[in-house]
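As structure tokens, the structure follows; a few thoughts come after it.
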Amino acid sequence: SRQVRDEGRSVLARLNSVADRVNDERLDSARSALERVTEMRPENANPEDCKEAMETVLEAKRLLADARRTHLQALRQMELDSLRKFVDEVTQRFARPSELQSLNGLFESARRAIGRDTGDFETYVDEIRGMNHLVLWRQDWFVVDRFRSLVESPHLFADQTEFEHLAAAGGAALERADMEQLRQIVARLNSRRIGWGG
């Protein structure tokens with residue numbers, strides 16, 4: 001139930017950012033349903049409530065995907081603007097000159113692909129995200145933040161024994177300032193985290 005609530009919050013945040021850009025009544029109906037999911041109290045949820053909430057989240061994702069198809073160009077532009085802002089405000093100061101050059105080239109390619117009815121735009125955006133992660137992964141503060149975020153969400157891990165072991169090992173690595181060990185642990189936690197998909 002915590003996982004469903006968290007996913008509902010994530011989808012609601014995406015839905016709200018999309019609704020700021022486009023006017024689509026499908027989003028209004030999805031928003032009210034998602035707000036109920038995000039108010040769900042995991043400690044009081046029964047399996048039926050959890051199943052119903054999960055179906056609500058999945059339906060909201062479907063409506064969001066439909067709205068994206070209808071308003072594809074505007075939403076692609078919004079996504080690209082958001083990525084550009086992140087690169088300008090965060091990634092740029094840590095990136096090497098060659099990485100910045102590559103990022104700028106990818107942004108230009110993505111900009112040209114916005115109106116095309118192909119998967120090129122999504123490919124360029126994935127490459128930008130990958131390069132962002134590559135640059136930030138070298139920063140110790142990013143690895144520490146990622147570790148702390150993961151250990152605050154034990155409900156995202158199916159094997160709680162393994163999770164507790166990795167969380168303890170990561171905490172010890174952090175105390176010793178062994179960033180290489182912490183990077184390995186964060187990578188393992190990331191690979192074992194339960195995901196919802198697109």
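The values are calculated or read from the model by the stated rules, or taken from the named source; none is laboratory data. Given the structure is predicted, the values throughout are model-derived calculations rather than measurements. Here the Cβ is made from the backbone with ideal geometry for all residues, glycine too, and neighbour counts use every protein chain on show. Each accessible area value is taken on the protein alone, full model and side chains, heavy atoms only, with ligands, DNA and RNA left out. Shrake-Rupley method; radii C 1.70, N 1.55, O 1.52, S 1.80 Å.
Data overview
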{"quantity": "Selected residue (only one of LEU80, LEU100, LEU75, LEU58 is open to solvent by 30 Å² or more (accessible area, probe 1.4 Å) and closer than 24 Å to MET131 by Cβ)", "calculated": "LEU100"}
{"quantity": "Residue identified as open to solvent by 50 Å² or more (accessible area, probe 1.4 Å), within 17 Å of VAL87 (Cβ to Cβ) and assigned to a helix (DSSP H, G or I) among GLU122, GLU164, GLU127", "calculated": "GLU127"}
{"quantity": "Residue count for region 8-40, restricted to those that are part of a loop (DSSP other than H, G, I, E, B) and surrounded by 15 or more Cβ atoms within 10 Å (Cβ to Cβ)", "calculated": "2"}
{"quantity": "Any hit, region 173-185, residues being without any contact (Cβ under 8 Å) to a residue 24 or more places away in the chain and either open to solvent by less than 40 Å² (accessible area, probe 1.4 Å) or in contact with a strand residue (DSSP E or B) (Cβ under 6 Å, 6 or more places away or on another chain) (or both)", "calculated": "yes"}
{"quantity": "Candidates PHE86, PHE107, PHE94, filtered to the one that is open to solvent by 50 Å² or more (accessible area, probe 1.4 Å), out of contact with any Ser or Thr (no Cβ under 9 Å at 6 or more places or on another chain) and under 23 Å from SER17 (Cβ atoms)", "calculated": "PHE86"}
{"quantity": "Members of region 41-66 that are over 22 Å from TYR124 (Cβ atoms), hydrophobic (A, V, I, L, M, F, W, C) and part of a helix (DSSP H, G or I)", "calculated": "CYS50, ALA53, MET54, VAL57, LEU58, ALA60, LEU63"}
{"quantity": "Meets criteria (closer than 29 Å to ARG2 by Cβ and among the hydroxyl-bearing types (Ser, Thr, Tyr)) for SER153", "calculated": "yes"}
{"quantity": "Candidate set: region 174-197, residues that are among the charged types (D, E, K, R) and modelled with pLDDT of 95 or more; chosen: the one nearest to PHE147 (Cα to Cα)", "calculated": "ARG183"}
